[in-house]
Amino acid sequence: MSATGATTLPELETPALLIDLDALEANLAEMAAVAARAGVRLRPHTKTHKSPEIARMQLQAGAAGITCAKLGEAEVMADAGLDDLLIAYPLVGESKLRRLRDLLERARVRVSLDSVEVAEGLGRVGRDLGRDVEVLVEVDTGLHRLGRPPGRPTVELVGQVARVPGVEVIGLLTHAGHSYRAGGPEERRRVAEREVLDLVETAELCRRDGIAIGEISVGSTPTARTGAFVDGVTELRPGTYALNDTTMMRLGIATEATAAARVLVTVVARPADDRFVVDAGSKCFTTDNMGSVPDWLVVAGRPDLHMDFLSEEHGVGHPAGGGVRIGDRLQVIPSHACACVNLFDVAYGVRDGRLERRFQIAGRGKVR
């Protein structure tokens, strides 16, 4: 993708979300190849792109199904004909249970949980349908967000959930989001290995208690390429790998060339020699990592330009020896692709500097 020049995609008004199709396709193929070599299923997380079209590309590249962050995302994917879904989120409340019941009438849906209370609600849905709702019990392997600790605390919960009529415990699930805080590749490798081993060892304890655990589902782009090859894992759920961002670049997992998501912006002001302003702010990028790490946003192809801060509609940066003029168009790689994509209605697929297709971000705002 061409990253510089005032003629960059002149047919598009800015700011606009771009997706480099060559990078996207290569990213999808690479992770699918990792899963194939490891002999595990790939169930990518669609929260990164929120697009049924990209989800379909992931399936065509070799994914076995998809993961959704919220019920609303899953409904969007099912509406587009995708019918093997994991909702990696506990569903609470009668309205959501009614929606889940409807969704189960047209798609295979698994749900993750970490409490008996959620299992009881899902059980009512299963009994209404006359078939068990498949559930995965989430385990806390270090992120300290959802799930009980591995070992006996989780085994006890699995036993309690398995006794709820209308649900079937099919596996254990975790998300090693703490891998983003790893101090380097070696620490990240240890996190990836521990992520799987914690689940495998817990699953063995469950089996000793008479509960068969068939699925060991792990997820996180930073750990996927290591965790896939740890004995016992059956399923990978990375998400960010599809588009990548400056966080993945900082971790050494992605490069500028594999960062498929860019925001096309226009320089709208040069109020001082040491400052330029573009027409995209926090409503396009979010403020994730702003000011906390160097090069939290990267101007693609322009190492001489650096972004300093955002307000709602303005991005402010400074040149380091390079020239930039009002009217110049730049492509800026976001710090958090998932949050950035959720701020746009449409993404533009680009190849060799030319607009090739449009992706509707149909899951945008589907947070319920």
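The values are calculated or read from the model by the stated rules, or taken from the named source; none is laboratory data. It should be emphasised that the depicted structure is a prediction, and the values quoted were computed from it without experimental measurement. When we count neighbours, we look across all protein chains shown, and the Cβ atoms used for this are built from the backbone with ideal geometry, even at glycine. With ligands, DNA and RNA removed, areas are computed over all heavy atoms of the protein, side chains included. Shrake-Rupley method; radii C 1.70, N 1.55, O 1.52, S 1.80 Å.
Accessible surface calculations at 1.4 Å, restricted to protein heavy atoms, place the range 257-368 at 44 Å² per residue. Surface composition of the chain: carbon plus sulfur atoms hold 48% of the accessible area, using a 1.4 angstrom probe and ignoring ligands, DNA and RNA. The solvent-accessible area of Cys206, taken with every protein chain present and a 1.4 Å probe, is close to 0 Å².
Annotation: amide H-H contacts under 5 Å for Arg148 (H modelled 1.01 Å from N, sequence separation of 5 or more, or interchain): Asp140. For Asp102 and Glu156, the FRET efficiency from 1/(1 + (r/R0)^6), where r spans their Cβ atoms and R0 equals 35 Å, is about 0.60. The residues of the range 1-88 present an accessible area of 34 Å² per residue when probed at 1.4 Å with all protein chains retained.
Here the label points at Ala80 and Ile211, each 7 Å from Cα along the C-beta direction, are separated by 3.4 nm in the simple model. Per-residue SASA remark: Ser95, around 60 Å² accessible (1.4 Å probe; ligands, DNA and RNA not included).
Of all aspartates and glutamates in the structure, those lying under 15 Å Cα to Cα from Lys50, and not within fewer than 8 positions of it along the same chain, are Glu73, Glu75, Asp79, Asp345. When the P(r) of the range 50-196 is calculated, the portion above 19 Å amounts to 56% of the C-alpha pairs.
Across the range 142-229, C-alpha contacts under 8 Å between residues 6 or more apart give a mean separation that, scaled by the residue count, equals a relative contact order of 38 percent. The slack between Arg163 and Val367, meaning 0.36 nm per residue of separation minus the straight C-alpha distance, is 70.4 nm. Stretching the chain fully between Arg37 and Glu13 yields a gain of 4.4 nm (0.36 nm per residue, less the alpha carbon separation). Site pair Val116 and His314 shows an inter-label distance of 5.7 nm when each label is modelled 7 Å from Cα along Cα→Cβ. Basic side chains Lys and Arg get +1 at the Cβ, acidic Asp and Glu get -1 at the Cβ, and with that the dipole of the range 263-368 about its Cα centre reaches some 540 debye.
Legend: translational diffusion of the range 1-127 by Stokes-Einstein, Rh = Kirkwood radius over C-alpha pairs, 20 °C, 1.002 mPa s; D = 129 µm²/s.
Shape index of the range 254-317: Rg/Rh, with Rg the Cα radius of gyration and Rh the Kirkwood radius from the inverse mean 1/r over Cα pairs, equals 0.94.
Dividing the summed -39500 (n - 2.57) terms of all DSSP H runs of n ≥ 4 by the residue count of the chain sets its mean residue ellipticity at 222 nm at -9500 deg cm²/dmol.
Here the relative contact order of the range 138-182, from alpha carbon pairs under 8 Å that lie six or more residues apart, stands at 43 percent. If you take the Cα centroid of the range 229-281 and the Cα centroid of the range 344-358, the two points sit 16 Å apart. Comparing Cα centroids, the range 86-129 and the range 153-217 end up 20 angstrom apart. Measuring with a 1.4 angstrom probe and ignoring ligands and nucleic acids, Thr287 comes out at about 70 Å² accessible. Note on the chain: with charges restricted to the Cβ of Lys and Arg (+1) and Asp and Glu (-1), its dipole about the Cα centre is near 440 debye. Of the complete DSSP H runs in the chain, those spanning 24 angstrom or more by Cα along the long axis with a mean Kyte-Doolittle score not below 0.0 are 21-38. In the range 52-96, the C-alpha radius of gyration followed by the widest Cα-Cα span (Dmax) gives 11.1, 37 angstrom.
Take every pair of alpha-carbon atoms less than 8 Å apart whose residues are at least six positions apart; their mean separation over the length of the range 287-345 yields a relative contact order of 33 percent.
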